[in-house]
Amino acid sequence: MVVDTIGARGDGIATRSDTGERLYIPGVLPGEHVTVRPGEPRGDGRSARLEAVDAAAPERVEPPCPHFGRCGGCALQHMAPEALALWKRDLVVQALGRRGFDAEQTSGVAATLSLPAGTRRRATFAIKGQGGGAVLGFNARASHAVVPIETCLLPSDALRALVAPLRDLIRTVPLPRKGGDCAVTLTDTGADVVLDLGAEPDLETRERLAAFAAAHDLARLSLRIDGGPPEPAAARRLPEVRLGGRLVALPAGGFLQPSREGEAALVDHVLRAVEAAPPGPVADLFGGIGTFALPLHGAGRVVHLAEGAAEAVGAVSALGLDGLTAEHRDLFERPLGAKGLKRFAAVVFDPPRAGAQAQAAELAAHGPGVVVAVSCNPATFARDARLLVDGGYTMESVVPVDQFPWAAHVEVVAVFRR
Ligand SMILES: C[S@@+](CC[C@H](N)C(=O)[O-])C[C@H]1O[C@@H](n2cnc3c(N)ncnc32)[C@H](O)[C@@H]1O
């Protein structure tokens with residue numbers, strides 16, 4: 001059969017000529033002739049396993065990672081980088097198309113800004129007791145099994161260097177029965193690790209954890225016991241990140257853009273868009289620890305950050321900077337409305353994958369002349385963009401940013417004006 005297209009999760013989609021059923025096939029490319037074995041029902045069709053590529057697409061390349069195909073972390077290592085960049089741009093164009101943006105409006109979507117592999121400063125590894133041992137890796141494709149990772153091309157060298165020691169460490173601690181996470185973030189003052197455990201560790205284990213933190217010069221090692229909040233097991237230094245020239249504390253498990261390079265690209269777009277806005281305060285909504293707020297403040301703007309994670313708001317407030325305020329606010333439940341928005345010359349919003357529907361509706365009605373949307377989900381970005389454009393904004397620029405090489409994942413930074 002012939003593969004029609006690649007779906008949003010990175011699997012090929014083909015239609016069976018005998019039954020008309022859709023098949024979802026990992027590891028293939030559009031236009032390829034393939035032999036597959038149909039498997040379990042999935043959504044409106046059925047998943048299928050690739051048995052052979054009978055005629056390969058010109059974009060097919062040798063996947064660079066030995067775990068590719070089993071590991072669920074990367075779906076598209078078999079696609080040449082140029083084709084992948086086009087495909088990711090198309091994800092954004094298609095999402096906008098589904099929300100009624102016509103070809104003329106989407107023709108301005110820029111080429112994907114692709115960031116190199118080997119730059120990630122944070123990774124969440126899956127950990128699990130498996131086959132009589134303990135494994136650290138990534139979830140296998142469409143499965144709860146964990147593929148043990150010997151190597152991974154995505155993290156920076158410093159992050160990759162922690163993989164083997166962490167794998168050895170988790171063999172000595174009580175893991176959650178159903179598995180859990182080990183999240184590692186490299187901050188500017190050292191690594192911050194949050195480890196899921198299934199039970200309170202005994203004294204000896206606690207000592208081993210503290211010794212591990214010292215041996216690997218971690219800034220902090222926190223434990224999340226039975227899904228509770230992270231509590232420090234070794235707090236050697238405050239994990240801090242430099243944003244807009246200021247060091248800000250990263251709360252355990254707090255959000256940080258996955259790579260410095262990705263962060264710089266997003267910040268650059270945000271700064272340039274806001275520079276063209278009239279003088280006046282700027283709102284950074286879903287602002288985290290100030291990835292945009294601090295550079296905006298550094299560029300001379302008065303900034304108000306609103307964010308749902310109290311610890312992140314606390315970290316920004318603790319800086320005590322004149323002209324930078326931070327508010328703990330649930331922007332799904334209580335978006336800034338007419339009164340809250342009226343003092344701003346520009347608004348930046350960067351919501352989680354669910355998007356910012358309620359806030360976008362308020363912006364559409366009461367927003368300032370410049371709105372910058374940053375998004376990690378083309379579907380909810382397109383929904384929110386529709387609200388803004390229906391409210392009278394022009395979608396001036398849309399740039400897909402690829403911080404996740406080889407994953408079926410793309411971010412967007414877009415500027416709206418009126
Ligand atoms: C994609 S992150 C962006 C953070 C920040 N702009 C950055 O680039 O580092 C989304 C942020 O939205 C926050 N968030 C999630 N749900 C929220 C809500 N309902 N109200 C306000 N903030 C929320 C998260 O805590 C997170 O900091």
Protein-only accessible surface order, largest first, of 226, 168, 192 at 1.4 Å: 226, 168, 192
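State to the nearest 20 debye the size of the charge dipole of segment 122-241 about its Cα centre, where the only charges are +1 on K and R beta carbons and -1 on D and E beta carbons.
My answer is approximately 340 debye.
Shape verdict for segment 84-140, please, from the Cα gyration tensor: rounded (a/c under 1.5), prolate (a/b greater than b/c) or oblate. Before the final figure, lay out each step's value.
Values: a/c = 4.91, a/b = 2.54, b/c = 1.93.
Here segment 84-140 falls in the prolate category.
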Which of 205, 189, 159, positive extreme of dipole for segment 122-241 (C-beta unit charges): 159
Straight-distance crosslink candidates among aspartates and glutamates, where the alpha carbon sits under 12 Å from residue 88 and sequence neighbours closer than 8 are dropped: 402, 411
Listed residues 252, 378, 130: farthest to the positive end of the dipole of the chain (Cβ charges): 252
Cβ-placed point charges (K, R +1; D, E -1), dipole of segment 273-418 about Cα centre in debye, nearest 20: 420 debye
Residue 24 accessible area, assembled protein chains, probe 1.4 Å, Å²: 30 Å²
Those lysines that a straight Cα-Cα span of less than 27 Å connects to residue 128, excepting residues fewer than 8 apart in one chain: 178
Nitroxide proxy distance, nm - points 7 Å out along Cα→Cβ at residue 328 and residue 397: 3.7 nm
Residue-by-residue Karplus 3J(HN,Hα) for segment 114-121, coefficients 6.51, -1.76, 1.60, Hz, glycine and proline x: 9, 9, x, 5, x, 10, 5, 10
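Given a Förster distance of 41 angstrom, what is the FRET efficiency for residue 158 paired with residue 54, based on the Cβ-Cβ distance and rounded to 0.05?
0.45
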Built amide H within the under 5 Å cut-off of residue 114, gap 5+: 402
Max mean-square fluctuation residue, GNM over the chain, Cα-Cα springs under 10 Å, options 289, 127, 170: 170
Whole-Å semi-axes of segment 79-221's equivalent ellipsoid (Cα gyration tensor): 38, 18, 14
Relative contact order of segment 122-241, defined on C-alpha pairs under 8 angstrom at six or more residues apart (%): 22 percent
Neighbourhood net charge (10 Å Cβ-Cβ; Lys/Arg +1, Asp/Glu -1) for residue 3: -3
Summed residue charge, Cβ within 12 Å of residue 20's Cβ, Lys/Arg positive, Asp/Glu negative: 0
Choice from 34, 399, 241 showing the highest fluctuation, given a GNM over the chain with Cα pairs closer than 10 Å: 34
For segment 270-334 and segment 101-159, distance of Cα centres in Å: 29 Å
Per principal axis, descending, Cα span of the chain in whole Å: 62, 60, 33
Segment 141-227: C-alpha gyration tensor shape, a/c 1.5 cut-off, then a/b vs b/c: oblate
Residue 203/residue 272 FRET efficiency (R0 51 Å; Cβ-Cβ; nearest 0.05): 0.40
Residue 259 accessible area, 1.4 Å probe, all protein chains in place, Å² to nearest 10: 0 Å²
Relative contact order computed over segment 185-306 (Cα-Cα under 8 Å; 6+ residues apart), in percent: 21 percent
Square roots of five times the Cα gyration tensor eigenvalues for segment 326-401, Å: 18, 15, 11
In Å², nearest 10: area of residue 216 left accessible to a 1.4 Å probe: 70 Å²
Convex hull projection area averaged over all views, segment 5-60, Cα basis, nm²: 3.7 nm²
Segment 25-74, relative contact order in percent, only Cα pairs under 8 angstrom and at least six apart counted: 37 percent
Extension gain (nm, one decimal) between residue 214 and residue 82, 0.36 nm per residue minus Cα-Cα: 43.2 nm
The chain, dipole about Cα centre (Lys/Arg Cβ +1, Asp/Glu Cβ -1), debye to the nearest 20: 320 debye
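The values are calculated or read from the model by the stated rules, or taken from the named source; none is laboratory data. Keep in mind the model is a prediction, meaning the values are calculated, not measured. Note that each Cβ is placed from the backbone with ideal geometry, even for glycine, and that neighbours are counted across all protein chains shown. To get the accessible areas, we keep the full protein, side chains included, count just its heavy atoms, and leave off ligands, DNA and RNA. Shrake-Rupley method; radii C 1.70, N 1.55, O 1.52, S 1.80 Å.
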